[in-house]
Amino acid sequence: MNIVLLGPPGAGKGTQAKKIAEYYSLSHISTGDILRKNIHNNTTLGLKVKSYMGNGGLAPDELLIPIIRNRLLKLDCSIGCLLDGYPRTVPQADALQMILTEANRKLDVILNIQVDDEELIRRISGRRTCSSCGATYHIMNKPPKNYEICDTCGGKLYQREDDKPDAIRKRLIVDKTQLLVEYYSKKGLLQTIDGEGSISQIFEDIKKVLKRYD
Ligand code: AMP
């Protein structure tokens, strides 16, 4: 299966993506994680995208498309992949289609996780991320045992620059999810998931939908 997870920032794409990839043995590709790793390692790409990410904007398509192309053409993706955070724009979606056609593959389904704006802001502003392994927590919904320390690896937890209030507002404004919803719904690939239940309930709903494609 080749799956795209769509949804505004804070919809829970990252959390569900990890569960889906593990359950169905798919390669999990998160463009946000790839970009953050590049920023952390001070690569040329990292330096280019840092300012866009820090203030909640989108990085340019011409940087993202080659990243996703290189990643999708790697061997581990031939068993199936789960895209989390890509595409974010219609040109990215067009490029994705071309890359998959080149690899003789196709998208099976787009899962659109829906959550309303107020809930999104509450979720994003409470999110804390591990600076070492990237694990995420929420100060109310999924608190770490120790306020500043990652339960998994002991790394220091921090609040992403783009999870701070001004950046959240900007991210919700620049979010193009609705355009992509229309794009994929015209292609008959879209399935909508209610993203306001518990993590396990949402995952059960996703499994029910994916049964039709497995
Ligand atoms: P995420 O972890 O998916 O929320 O992404 C965090 C940030 O990385 C976004 O707010 C963007 O600045 C950048 N980013 C991630 N994926 C993309 C993409 N496909 N296109 C443009 N920018 C992206």
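The values are calculated or read from the model by the stated rules, or taken from the named source; none is laboratory data. All figures in this text were calculated on a predicted structure; none of them were measured in a lab. All Cβ positions, glycine included, derive from the backbone under ideal geometry; neighbour counts span all protein chains shown. Surface accessibility is based on the protein's heavy atoms, side chains included, excluding ligands, DNA and RNA. Shrake-Rupley method; radii C 1.70, N 1.55, O 1.52, S 1.80 Å.
Quick look at the values:
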quantity: Candidates 74, 37 - the one that is more than 12 Å from the ligand (Cβ to nearest atom), out of contact with any Pro (no Cβ under 7 Å at 6 or more places or on another chain) and among the basic types (Lys, Arg); calculated: 74
quantity: Selection count, region 24-52, where residues are part of a helix (DSSP H, G or I), of a type outside the set (S, T, N, Q) and open to solvent by 30 Å² or more (accessible area, probe 1.4 Å); calculated: 12
quantity: Meets criteria (modelled with pLDDT of 90 or more, near the ligand (Cβ under 9 Å from one of its atoms), of a type outside the set (D, E, K, R) and out of contact with any Gly (no Cβ under 9 Å at 6 or more places or on another chain)) for residue 68; calculated: yes
quantity: Members of region 53-97 found to be in contact with a helix residue (DSSP H, G or I) (Cβ under 9 Å, 6 or more places away or on another chain), of a type in the set (A, V, I, L, M) and in a helix (DSSP H, G or I), listed by number; calculated: 53, 63, 64, 65, 67, 68, 72, 90, 93, 95, 96
quantity: Close pairs (6 angstrom Cβ cut-off, 6 or more residues apart or separate chains): closer than 19 Å to residue 177 by Cα and in contact (Cβ under 8 Å) with a residue 40 or more places away in the chain in region 55-70, near the ligand (Cβ under 7 Å from one of its atoms) and open to solvent by less than 30 Å² (accessible area, probe 1.4 Å) anywhere; calculated: 56/162; 56/171
